[in-house]
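Written out below as structure tokens is the structure these notes cover.
The values are calculated or read from the model by the stated rules, or taken from the named source; none is laboratory data. Computed from a prediction, not measured in an experiment: that's the story for all the values here. With ideal geometry, Cβ positions are generated from the backbone for all residues, glycine too; neighbour counts draw on all protein chains shown.
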Amino acid sequence: MKFCLEIWGTNYDKIKETCIFAERSGYDGFFYGESLTDIDLDCWTVLSSLINITSKIKIGPVITYLFPEYRNITLLAKQAITFQNLTKGRLEFRTGAGATLQYSKQWWHPFGIEYLKAFERVQLLHEGLQVLSLLWNSKIPSVKFEGKYFKLNDANLKIPYTATEKIPITVAAKKKRTMTIAASYADIWESSYISPIDFLKLNNEFNSIIGKDTNRKIEKSIELDVIIAESDTDLKYKEKIFAMERGPNILHQIKNRCLIGKPTTIVERIKEYLEAGVTQFLLAFPDPFDKSSLSTFNDVMKAIK
């Protein structure tokens with residue numbers, strides 16, 4: 001099993017320190033948020049700066065957007081190849097169709113970028129993964145592609161590549177259409193913010209989509225918020241802060257769909273997720289730079305592993 005961190009924020013010194021701390025503490029992945037808003041710095045610039053101060057931990061974006069208005073997909077493909085080369089195989093390329101239109105439009109509209117309707121974002125995701133898979137296939141000399149969102153005319157990205165591993169793709173998916181896409185292209189399938197019972201149901205559905213004839217091994221990941229404390233008093237305080245920042249309704253909603261409690265409670269909860277089929281955890285702490293919480297969870301990892 002793997003435990004990875006989801007990080008956001010604009011304090012670069014804290015980002016760097018937390019990445020170094022995460023690698024030394026035994027976390028398996030460090031994924032930084034991507035957006036044009038003021039909650040993040042430029043994702044790929046930050047990630048690139050972490051290459052030479054780490055040596056083992058997986059690095060990548062929390063999610064990479066494939067919107068043509070946002071970034072040319074061939075540029076993204078070349079960035080990923082270069083990053084995988086420089087890290088000697090430590091990139092995890094993470095993408096998906098994105099959150100709901102009602103929620104996400106506010107993040108893109110100010111920058112003149114249209115946030116498409118759900119069925120269009122699913123089409124775009126499918127096309128984008130087709131294009132990326134073709135561009136990353138070293139056996140194909142050049143790529144021709146013409147779809148609704150992307151077009152390539154004999155594109156060639158054959159730059160020096162020495163990493164021994166191919167670029168692993170994580171696809172976030174909870175609906176049948178996106179899970180079908182994940183079954184075709186993903187090395188890691190990820191769901192988010194659901195209970196172990198609900199993950200088990202979704203995992204069974206995903207396995208039925210994959211079928212029995214595939215030889216590909218697809219890891220199963222889940223994204224979860226984490227509120228952890230050594231004592232009941234500290235736990236109640238952290239829950240109170242979380243409720244003040246995000247609203248009491250959000251706290252109530254995630255009680256059964258996240259990792260909340262003292263270490264022993266969280267150990268048992270993780271075991272439930274493992275029994276449901278989870279092989280990787282993407283962890284979002286309320287304060288992503290809270291080393292006390294990260295250290296406490298490190299004890300959980302040791303107890304599990």
Cβ-Cβ below 7 Å, separation at least six or inter-chain, first residue in region 176-199 and over 29 Å from Val131 (Cα atoms), second outside any helix (DSSP H, G or I) and among the β-branched types (Val, Ile, Thr): which pairs? Phe199/Ile222; Phe199/Val278
Among the residues of region 115-129, which ones are out of contact with any Lys or Arg (no Cβ under 9 Å at 6 or more places or on another chain) and surrounded by fewer than 17 Cβ atoms within 10 Å (Cβ to Cβ)? Lys117
Just for region 217-245: of the residues that are within 21 Å of the chain's Cα centre (by Cα) and not in a strand (DSSP E or B), which one is farthest from Ser195 (Cα to Cα)? Lys217
Mind counting the residues in region 41-62 that are under 22 Å from Tyr115 (Cβ atoms) and either modelled with pLDDT under 95 or not in a loop (DSSP other than H, G, I, E, B) (or both)? 3
Say we look at region 207-264 and pick out the residues that are basic (Lys, Arg) and in contact with a strand residue (DSSP E or B) (Cβ under 7 Å, 6 or more places away or on another chain); which of these is modelled with the highest pLDDT? Lys220
Restricting the search to region 25-38, which residues are assigned to a loop (DSSP other than H, G, I, E, B) and either hydroxyl-bearing (Ser, Thr, Tyr) or under 17 Å from the mean Cα position of the chain (by Cα) (or both)? Tyr27, Asp28, Gly33, Glu34, Ser35, Thr37
Which of the residues spanning region 250-305 are small (Gly, Ala, Ser) and in a helix (DSSP H, G or I)? Ala276, Ser292, Ser293, Ser295, Ala303
Within region 1-24, take every residue that is assigned to a strand (DSSP E or B) and among the charged types (D, E, K, R) and give me the one that is farthest from Phe285 (Cα to Cα). Lys2
Select from region 133-160 the residues that are under 14 Å from Phe67 (Cβ atoms) and surrounded by 17 or more Cβ atoms within 10 Å (Cβ to Cβ) and list them in ascending order. Tyr149, Phe150
Checking Glu69 against (1) in contact with a Lys or Arg (Cβ under 8 Å, 6 or more places away or on another chain); (2) in contact (Cβ under 8 Å) with a residue 40 or more places away in the chain; (3) assigned to a loop (DSSP other than H, G, I, E, B); (4) not β-branched (Val, Ile, Thr), which test does it fail? (1)
